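**Q** Sharing a structure, written as structure tokens. Questions coming.
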Amino acid sequence: MTPRTLLVRAGTVATMDDAGTEIADGGVYVRGRSIEAVGARADLPPSADEVIDLPRHVLLPGLVNTHHHLFQTLTRALPAAQDASLFDWLATLYPVWARLTPPMIRTSAAIGFAELLLSGCTTTSDHLYLYPNGSRLDDTIEAATAMGIRFHACRGSMSVGESAGGLPPDALVEDEDAILADSQRVIEAFHDPHPLAMTRVALAPCSPFSVSRDLMRETARLAREHGVRLHTHLAENDSDVAYSRERFGCTPAEYAESLGWVGTDVWHAHCVKLDAAGIGRFAATGTGVAHCPTSNMRLASGIAPVRPMLAAGVRIGLGVDGSASNDSGHLLAEARQALLLQRVGYGAQALSARDALRLATRGGAAVLGRDDIGRLAAGCAADLVAFDLGGPAHAGAAEHDPVAALVFCASLPASLVVIDGRIVVRGGELATVSLAPLQQAQHAFARSLARGD
């Protein structure tokens, strides 16, 4: 069967390639699942099976989200957890999450995917670390396939409950042998190591305060045996650091390194309190960081040292984090928050608009260990997104610098989203599924969780 071709032309193309190439009146030519050519309009084929002209738009590689908890879309803005810092926030929500069911996991994931897609995100990871009432990682993977998003599914885990000095309730932790057995199962069932893969699996014990040293070590061994990546939360706030010093006698970065949790196959979420020595070790070992600025502000965790990390050479991507600590899943908005927060912490030149977009594209791809996404270049995955700068929110800015306007001005929904060569969002509307029944189910599940039904 002859691969389908697609030609998308736009007013501005920001390729995010190594040279930072930007093309006025350019486009991308797609054949099948991958990009065949990127360039000025005159240098591209004049026709394709489908041609889309977007003269007022900026065309970018699809945005990449490196940290999320999709199940939390069911507990957004829950009153009891609105004004809490990390540990109190978790203690409040654990009993609510203990009532989650497989249909809730699937629906909340689908809603989260929809929100990400409509914000221009084409690849996302998700960290599912609790499995009550028969829930499985399979539930989120099924939702990702239905929505058409490129997915890195993280098999999370918690094994140290309150009775053993951990933070989660005993009822929410799992047996460690069962965790490892299921981790191997999902790798064998779902992980695709090939270029342009739509589904990959990572192993992701939740945090130093919810799993044992043995589980961290054995998870690293299992992941490396199967060639998959490792992910966890680290150094998120002062309480997190205090727990590590009191229980393990070292900093979070030292703890991670002692267990083999540094390297090019590892990325850690948050790292708000990563110290200078930790930054140095992450840079030297190629360890990645998922920066989640909105969540860090919402929980009053602090300002992550992104500018010092970038200066040291640490690989950094953006994450929207869980929708109960961000309450939003808009990745372009996250890029804007990253820029603004780094300027609060480190000065007006700490992060530029293009730096922020690079974190949301190339940075995220590097953190997830991929060189086939995050840029518009021949041979890369046909993941591209377009934003319309023709409205009032960008009037007077798009004429000056349309690429920077995407970040400095109001965060837009995506007009067009193409993933793996397939149009997933067209005209700002999802093209893969109907949202109305999903939203109806989500509302019902959210009410049920809150009431304790």
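**Q** Restricting attention to the stretch 244-267, which residues are open to solvent by less than 40 Å² (accessible area, probe 1.4 Å), assigned to a helix (DSSP H, G or I) and of a type outside the set (S, T, N, Q)?
**A** Phe248, Pro252, Ala253, Tyr255, Ala256
**Q** Next question. Which condition number in (1) open to solvent by less than 20 Å² (accessible area, probe 1.4 Å); (2) under 26 Å from Leu384 (Cβ atoms) is the one that Pro55 fails?
**A** (1)
**Q** More than 19 Å from Glu162 (Cα to Cα) and touching a residue at least 40 places away in the same chain (Cβ under 8 Å), is that true of Glu236?
**A** yes
**Q** Which one is most open to solvent (accessible area, probe 1.4 Å) among residues in the stretch 193-214 that are under 15 Å from Val262 (Cα atoms) and of a type outside the set (Ser, Thr, Tyr)?
**A** Arg213
**Q** Mind checking which residues of the stretch 161-189 are open to solvent by less than 20 Å² (accessible area, probe 1.4 Å) and either among the aromatic types (Phe, Trp, Tyr) or not in a helix (DSSP H, G or I) (or both)?
**A** So in the stretch 161-189, the residues open to solvent by less than 20 Å² (accessible area, probe 1.4 Å) come out as 161, 166, 168, 172, 179, 183, 186-187.
Once the filter is applied, which keeps residues that are open to solvent by less than 20 Å² (accessible area, probe 1.4 Å) and either among the aromatic types (Phe, Trp, Tyr) or not in a helix (DSSP H, G or I) (or both), the stretch 161-189 yields Gly161, Gly166, Pro168.
**Q** If you don't mind, another one. If I filter the stretch 215-229 down to residues being of a type outside the set (Gly, Ala, Ser) and not in a helix (DSSP H, G or I), which single residue comes out as most open to solvent (accessible area, probe 1.4 Å)?
**A** This residue is Arg229.
**Q** Does Ala398 qualify as being over 22 Å from the mean Cα position of the chain (by Cα), within 16 Å of His57 (Cα to Cα) and open to solvent by less than 10 Å² (accessible area, probe 1.4 Å)?
**A** So Ala398 does not fit the description; no.
**Q** Here's something else I'd like to know. Inspect the stretch 1-19 for any residue being among the hydroxyl-bearing types (Ser, Thr, Tyr), farther than 22 Å from Gly317 by Cβ and open to solvent by 30 Å² or more (accessible area, probe 1.4 Å) and give the result as yes or no.
**A** yes
So that you can scan it fast, the table gives a plain yes or no per residue for (1) surrounded by 14 or more Cβ atoms within 10 Å (Cβ to Cβ); (2) within 21 Å of the chain's Cα centre (by Cα); (3) modelled with pLDDT under 95; (4) on the phi < 0 side of the Ramachandran plot:
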{"position": "Ala404", "(1), (2), (3), (4)": "yes, no, no, yes"}
{"position": "Val424", "(1), (2), (3), (4)": "yes, yes, no, yes"}
{"position": "Ala431", "(1), (2), (3), (4)": "yes, no, no, yes"}
{"position": "Leu449", "(1), (2), (3), (4)": "yes, no, yes, yes"}
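**Q** Considering only residues that are over 20 Å from Arg343 (Cβ atoms), in contact (Cβ under 8 Å) with a residue 40 or more places away in the chain and either in a helix (DSSP H, G or I) or of a type in the set (S, T, N, Q) (or both), which ones fall in the stretch 275-323?
**A** Gly278, Ser323
**Q** Please specify each residue of the stretch 321-359 satisfying the condition of being out of contact with any Asp or Glu (no Cβ under 7 Å at 6 or more places or on another chain), crowded, with 24+ Cβ neighbours inside 10 Å and of a type in the set (Gly, Ala, Ser).
**A** Scanning the stretch 321-359 gives Gly322, Ser323, Ala324, Ser325, Ala335, Ala338, Ala356.
**Q** Follow-up. Going by the structure shown, is Leu60 of a type outside the set (Gly, Ala, Ser) and surrounded by 23 or more Cβ atoms within 10 Å (Cβ to Cβ)?
**A** On the way: of a type outside the set (Gly, Ala, Ser): yes; surrounded by 23 or more Cβ atoms within 10 Å (Cβ to Cβ): yes.
Here the answer is yes, as Leu60 does meet what is asked.
**Q** So Glu115 ticks every box in (1) outside any helix (DSSP H, G or I); (2) under 17 Å from Ser328 (Cα atoms) but one. Which box is left unticked?
**A** Unmet for Glu115, out of (1) outside any helix (DSSP H, G or I); (2) under 17 Å from Ser328 (Cα atoms): (1).
**Q** On to the next question. Applying the selection to the stretch 367-386, what residues are out of contact with any Gly (no Cβ under 7 Å at 6 or more places or on another chain) and either assigned to a strand (DSSP E or B) or more than 25 Å from Leu6 (Cβ to Cβ) (or both)?
**A** Once the filter is applied, which keeps residues that are out of contact with any Gly (no Cβ under 7 Å at 6 or more places or on another chain) and either assigned to a strand (DSSP E or B) or more than 25 Å from Leu6 (Cβ to Cβ) (or both), the stretch 367-386 yields Gly369, Ala381, Ala386.
**Q** Within the bounds of the stretch 406-418, is there any residue that is assigned to a loop (DSSP other than H, G, I, E, B), within 18 Å of Ala24 (Cβ to Cβ) and open to solvent by less than 40 Å² (accessible area, probe 1.4 Å)?
**A** no
The values are calculated or read from the model by the stated rules, or taken from the named source; none is laboratory data. The structure presented is a predicted model; accordingly, all values stated were derived computationally and were not measured. Neighbour counts are summed over all protein chains in view; Cβ atoms, including those assigned to glycine, are modelled from backbone coordinates with ideal geometry. These area figures cover heavy atoms from the full protein model, side chains too; ligands, DNA and RNA do not enter into them. Shrake-Rupley method; radii C 1.70, N 1.55, O 1.52, S 1.80 Å.
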